[in-house]
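Step one of this worksheet: look at the structure below.
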Amino acid sequence: MSPILIAEQVLNGLQSGVMLFLMAAGLTLIFGVMGLINLAHGSLYMVGAFAAAAVAAATGSFLLALAAAMAAAAGAGALVELVVIRRLYDRDHLDQVLATFALILIFSEGTRWLFGSFPLYLDIPDWLSGPVTLPGGIQYPLYRLALIGIGLSVAAGLWLLIAHTRIGIRIRAGENDREMIAALGVDISRLYTMIFALGAALAGLAGALVGSIQSVQVGMGEPVLILAFVVIVIGGIGSIRGALIGALLVGLTDTLGGVFLPELFKLIADPASATATGSALASMSIYILMAAVLVWRPTGLFGAAT
Amino acid sequence: MAIRTHLAAAAALAVLAGGAQADMKIGMITTLSGGGASLGIDTRDGFMLAVEQAGRDDVEVVIDDDQRKPDVAVQIADRMIQSEKVDVLTGIVWSNLAMAVVPSANAQGLVYVSTNAAPAQLAGAGCSPDYFSVSYQNDNLHEAAGAYAAGAGFDNMFIMAPNYPAGQDSLNGFKRFYDGGLAGEVYTELGQTDYAAEIAQIRASGADGVFFFLPGGMGISFLKQYADSGVDLPVVGPAFSFDQAILQAVGDAALEVKNTSTWSKDLDNAANAAFVAAFEEAYGRLPSIYAAQGYDTANLLLSATQKADVSDKAAFRAALAEADFDSVRGKFSFASNNHPVQDIYVREVIKEGDIYTNKIVSTAMTDRDNAYMQECRM
C-alpha cells in the first residue's frame, strides 16, 4: 500500500466527513436548541438534491442549482416548522419521532408524485470535472477538493455566526435556557423557525453537492440521516464543534476502515474470507467508534455534562 | 394510465357481476415505492401490457407494493393466498424478498413464477416443481460477463460487488467463466453511495479492467464518480446498472461501457419489436429489462391457461414448462430445474438522439442454462 494511496484515502475520508458535517450541523442545532428529534432532516437533503436537479436541467447552471437547493430546502424546512414541528416542542420524543417519521413518508411520496420514480440526472459542471494532480503526484478529482473547501468554509461561517453575531448569541442562549430568553423578550418562535430553515438549507446544500456525484432518487436521505445521528451522538448533542469533529472522525473511520481492514485480515486469512470479514467489520466500524466514545464520554466529545 | 383504468373497470365489473369468477387470479407482489420502485413499476407495466394485449377478461391481476421489505412481502403473500385466493404469485424483484415468500407459497401449493429474482438456493437444493424463473438464474449475467472478459483478453481484472448473498453469487458467477488473474476483489457495503475509496484502490491496483455488480442507485453513483476520477480502464458489468431508467441519470459517464444482458431493445425478433413499440406507445418511455421480463412472464402464464386449467395443477405446471409463448428474447425454454435456457448478449451503451440506451455487440453465451441443475431433485 503506497503512501499516495493512503493520502488519497485520507482525502476521501475528509471529503465524506465535511459533507456529513453539513447534515449533522443542522440536526445538532435543531436538537440542541429546540430539543427536537427531526427524522425528516434526510428528506430536506433529498428536497435539495431534487431542486438542484430540476433547476440544473432547466437552466444548465450549477451555481443556480445550488442556490435553488438551499432555497427549496430552507423553504420546505420553514414550512414544516410552521405547520407541524411547532406543535411538537412540548411533546415527548416519541411523539416527535412519530410525527417526523410521517413527514419522511409524505416527503418521499410527494417527491415521487412530482418527479416520478426514476432517478434524476444531476452532474458536476465542466469547470469542476476531471482530476487534478496534487503535490506528491496524487491524482484527485477537483470536485471532491471543492467539496472539502465548501464544507470547511461552511464550518468557519457557522462558527462566526454562532460566536460573533447577535443571532449566534440568541442561539446559544436558546440552548442554555429557553424560558429565560423568551422572558427576556426574544421572539422565540421566530428564532426557532429561522434555525430550522438554516439547518434545512445546509441539508439541502449537502444534498445538491453530493447528489451531483451520486444518485438523485427518492429515499436518498435516510442512509445519510443515520450517519448524521451517529455524528451528533459522537460529537455531543447541540455542539457545532462536536458535529465537525464527529463528522470528520466518522468520515475517516468509514473510509479508511473499508480500505485497511480487509488488507489487515489478509495477513491472517485467505483473500476471499479476509475480504468478506474485513468488509463486514468495516461496515460496523463507525458504530464501534460510537460505542467506544460513549463509554469514554457518555455525553459525546463536546456534549454538556448533565 | 389507460391500461390501469381499464383494469380497474374490469375488476369493478367482475365484483358487480358477483358470480363471474375469473379463471385465473394472479397475485403480483412488487416494489412500487421507495428507492427500488422504478424496477417494480417497470415489471408491473410490462406484465400488464401483455395482459391488456391478450384482452382476456377471465384473467384477474391483483397488485400490491412490498416496499422492498421482506416482512411486508410475506404479509401481502399471506393475504393474497388466504383471503384473495390467488392461483399464482409473481413479481418480486429482490432475492431476499423472494427467499422470504417463495418457499412458503410453494409449500401452500401455489405456483410462483419469477419475473426477476432467482437466487441460487431456489435453483439448486431448494428447487420446486411449483417454482419457475422466467428471468434467468441470478448468476447468469455475471457468468456471461466473465466469459466476455476472458474472451476479450482481459488478464488482470478488478472485481467488485456489494457484501450480500446476490453480491457473493455475482463474483462467484464471474469467476466461474473468467480464467485470468485478479488485481483486486472487493465487497462494498449494500446501499453504499460513495465509491471514492474503491476507485482509489482500482487506480493503485494495476488492473487492466473493472467488473462491477452494483444494481440501482449504487451503480449510478459509481459510474459518475468513476468517470470523474480520471481512471480510464474499461468497465464491464451485468445489465442491472445499465437499464433504461438508470442510464438517463448516469449520462455520458456510461457511454461505451460493455454490459451483459438476456434482452435488449434492439434484439431482432418480431415479438420484441412489437413489445418495444407497444410499451413506448402505452407508457411514453422505453422499456427496461424488468419490463421485458414482466411481459414475458405474463405471456407465459397466458399461454399455459390455454392448454390447461389452473385448478389442475399438474397439467398447468406441465403447460408452463413447455414455455409455448413468443418470448421477446427470441428462443426460450426451461432447463430441468425450471430456469431458462437462453442466449446472453454483450451490449454497449450508446446515445440515440438525446436518449441513452444499449445496442447488442456480440453474444457472450449461447443456450446457457445454469450451474445448479445437478443439485435440484424434484
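Listed values, structure above:
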quantity	calculated
Mean-position separation - Cα centroids, the range A:69-141 and the range A:148-205, in angstrom	19 Å
Taking B:178, B:290 and counting other C-beta atoms within 10 Å, the order from fewest to most	B:178, B:290
Angstrom value of the Kirkwood radius, inverse mean 1/r, which spans all Cα pairs in chain A	20.2 Å
Sites excluded, GluC sites (Glu not before Pro) in DSSP loops with at most 15 other C-beta within 10 Å, longest stretch of chain B	B:85-255
5 angstrom amide H check on residue B:343, placed H, neighbours 5+ away	B:367, B:368
Lysines with Cα under 20 Å of residue B:25, excluding same-chain neighbours fewer than 8 positions away	B:85, B:307, B:313
Ascending count of other beta-carbon atoms within 10 Å, so fewest first, for B:351, B:224	B:351, B:224
Anisotropy class of the range A:202-277 from Cα gyration tensor, a/c 1.5 cut	oblate
Centre separation in Å (Cα based) which lies between the range B:164-204 and the range B:272-295	31 Å
Amide hydrogen neighbours beyond the local backbone of residue B:361, cut-off 5 Å, H modeled	B:346, B:347, B:348
Test item: B:206-218 mean partner chain Cβ contacts at 10 Å	1
Distance in nm between pseudo-label sites at residue B:179 and residue A:86 (7 Å out along the Cβ direction from Cα)	7.3 nm
Gyration tensor verdict on the range A:79-232 (Cα atoms; rounded if a/c is under 1.5, prolate if a/b is larger than b/c, oblate otherwise)	oblate
Residue-by-residue Karplus 3J(HN,Hα) for the range A:84-101, coefficients 6.51, -1.76, 1.60, Hz, glycine and proline x	10, 4, 3, 7, 9, 4, 8, 7, 7, 5, 4, 4, 4, 5, 4, 5, 6, 5
R0 of 45 Å, Cβ-Cβ distance residue A:183-residue B:375: FRET efficiency to nearest 0.05	0.05
Extent along principal axes [Cα atoms of the range A:148-271; Å; largest to smallest]	68, 30, 25
Longest to shortest principal axis, alpha-carbon extents of the protein assembly as shown, angstrom	83, 64, 49
Karplus-derived HN-Hα couplings along the range B:311-317 (A = 6.51, B = -1.76, C = 1.60, θ = phi - 60°), whole Hz, x at Gly and Pro	6, 8, 5, 4, 5, 5, 4
Spin-label zone in the range A:261-275 - amide nitrogen under 20 Å from a point set 7 Å from the Cα of residue A:296 along the C-beta vector	A:261
Per-residue [θ]222 nm for chain B (sum of -39500 (n - 2.57) over DSSP H runs n ≥ 4, rounded to 500)	-13000 deg cm²/dmol
Relative contact order (percent, whole number), chain A, Cα cutoff 8 Å, 6+ residue spacing	34 percent
Estimated FRET transfer efficiency (residue A:142, residue B:57; beta-carbon r; R0 51 Å; 0.05)	0.25
Sequence-separation-based contact order of chain B, relative, with Cα cut under 8 Å and 6+ spacing, percent	18 percent
Candidate lysines - alpha carbon under 29 Å from residue B:265, same-chain residues fewer than 8 apart omitted	B:175, B:224, B:331, B:351, B:359
Amide H contacts of residue B:211 (H built 1.01 Å from N, under 5 Å, at least 5 apart or other chain)	B:158, B:159, B:160, B:236
Proxy reagent accessibility, fewest Cβ within 10 Å first, across B:157, B:218	B:218, B:157
Relative contact order (percent, whole number), the range A:1-137, Cα cutoff 8 Å, 6+ residue spacing	28 percent
With Cα atoms, 0 to 90° folded angle of helix A:62-83 axis to chain A main axis	40 degrees
Whole-Å distance, taken between Cα centres, linking the range B:60-98 and the range B:331-351	26 Å
Simple label model, 7 Å out from Cα along Cβ direction - residue A:105 to residue A:2, nm	5.3 nm
From phi via Karplus (6.51, -1.76, 1.60), per-residue ³J(HN,Hα) for the range A:103-109 in Hz, x at Gly/Pro	4, 4, 5, 5, 4, 5, 6
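The numbers here are math on the coordinates, done by the rules we state, and not lab data. Please read all numbers here as calculations on a predicted model, not as lab measurements. Heads up, the Cβs are rebuilt from the backbone with ideal geometry, glycines too, and the neighbour counts pull from every protein chain shown.
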